[in-house]
């Protein structure tokens, strides 16, 4: 394997197709090795965690403020990453404004209580809190860092077929329990108000290739389109090497594009539990075939905006913790070497 810093730039190879991005954590910008790798190979970055609501909402300041409809916000981690991106000339996709996970429970409680048995806030209160939060974040980012964010993940992971609700909504989501499906258009209406020129609003979800989930997502997107609220479908690309079906990915991509939406692959990795030459060659074949499919779609006129890897190297992939076994899912190794998968993606 070759030193990744000595290899041709990944994002430059794809600049006529789509942005190439990576999810980064708060430590990477200060690490010279990661900084060099990010700047060489990626034209877009996404915060892996630090822009999620739990890292932006300030409980102590909210209680002190005493406003039942307005959560206080802090932008330490947000501004740190945005400042880095601005300095390096790297575009940003903001992840995420509304999500059932990593949103503090006190945000859903009457009087902002953090107690497990706290009385929930009313639906009307929650819809107002949601709009206020989204506008506070978007107005801050677009004022302090104009032109830097090109896409907002407005709502993340609201569809879950296994839960069997009407429309296949994720019923155990605190958002669904508080507001039903009304929170989805409400979030996008707020984001339309805060949107700056050139930005797209994205609905983001995993397993978006699965036919049952795909069709439920399409129903949701059509409802949002009826009010002109959504621009982009974000297909999280969390795949598993031994059962990845690229034909399903292509079929789903075409189905979303047929709605007239832009597409993004937002969280790409392919779980591989072996670093052996054989396994890494199989991983490379999958990546090569997947990117060939994306290039074909782009050449046919499908509006693919960006492809974002969920991590920079195998060392910082979330999959090792999630799968509870060592994963080798990305293009660059733990030693920051370019793997066969990198060569396959670059073989255009």
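Here, each number is a calculation from the coordinates, and none is a lab measurement. Just so we're clear, the structure is a prediction, and the values are computed from it rather than from any experiment. As a convention, Cβ positions derive from the backbone with ideal geometry for all residues, glycine included, and neighbour counts pool all protein chains shown.
Please state the relative contact order of the stretch 2-346 as a whole percent: Cα pairs under 8 Å, 6+ residues apart? Write out the running numbers ahead of the final one.
Details: 627 pairs, mean separation 57.3, N = 345.
Computed over the stretch 2-346, the figure is 17 percent.
What is the gain in length, in nm to one decimal, between residue 347 and residue 125 on full extension, counting 0.36 nm per residue of separation less the C-alpha to C-alpha distance? Kindly include the intermediate steps, with their values, before the conclusion.
On the way: separation 222, 0.36 × 222 = 79.92 nm, distance 5.29 nm.
Extra length available between residue 347 and residue 125 comes to 74.6 nm.
Order these peptides, 222-231, 201-210, 280-289, by their mean beta-carbon neighbour count within 10 angstrom, highest first. Don't jump to the answer; show the numbers that get you there.
On the way: 222-231: 16.2, 201-210: 22.9, 280-289: 18.2.
By packing density, highest mean first, the sequence is 201-210, 280-289, 222-231.
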Cα principal axis extents for the stretch 132-207, largest first, Å: 41, 25, 14
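How do 20, 304 line up, fewest other C-beta atoms within 10 Å first? Kindly include the intermediate steps, with their values, before the conclusion.
Working: 20 23, 304 20.
Neighbour counts put them in this order, fewest first: 304, 20.
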What is the spin-label model distance, in nm, from residue 132 to residue 242 if the labels are put 7 Å beyond Cα along the C-beta direction? 5.0
So the compactness index of the chain, its C-alpha Rg divided by 2.2 N^0.38 Å, takes the value 0.98
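Suppose R0 equals 25 Å; then what is the FRET efficiency for residue 334 and residue 298 from their Cβ-Cβ distance, rounded to the nearest 0.05? Walk me through the intermediate numbers first.
Working: r = 31 Å, r/R0 = 1.24.
Using R0 = 25 Å, I get an efficiency of 0.20.
Can you tell me the order of 182-188, 213-219 when each peptide is scored by its average per-residue count of other Cβ atoms within 10 angstrom, highest first? Don't jump to the answer; show the numbers that get you there.
Details: 182-188: 22.1, 213-219: 18.9.
My ranking of the peptides, most packed first, is 182-188, 213-219.
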Give me the one-decimal nm value for the distance between modelled label points at residue 88 and residue 64, 7 Å along each residue's Cα-to-Cβ direction. 3.3
Please report Rg (one decimal) and Dmax (integer) in Å for the Cα set of the stretch 82-202. 15.6, 46
Can you grab the distance from the C-alpha centre of the stretch 97-147 to the C-alpha centre of the stretch 12-41, Å, no decimals? 30
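For residue 226 and residue 177, FRET efficiency with R0 = 30 Å and r from the beta-carbon atoms, rounded to 0.05? Working shown, then result.
Details: r = 25 Å, r/R0 = 0.82.
Efficiency for this residue pair is about 0.75.
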Treat each spin label as a single point 7 Å out from the Cα along the C-beta direction, and report the residue 162 to residue 279 distance in nm. 2.4
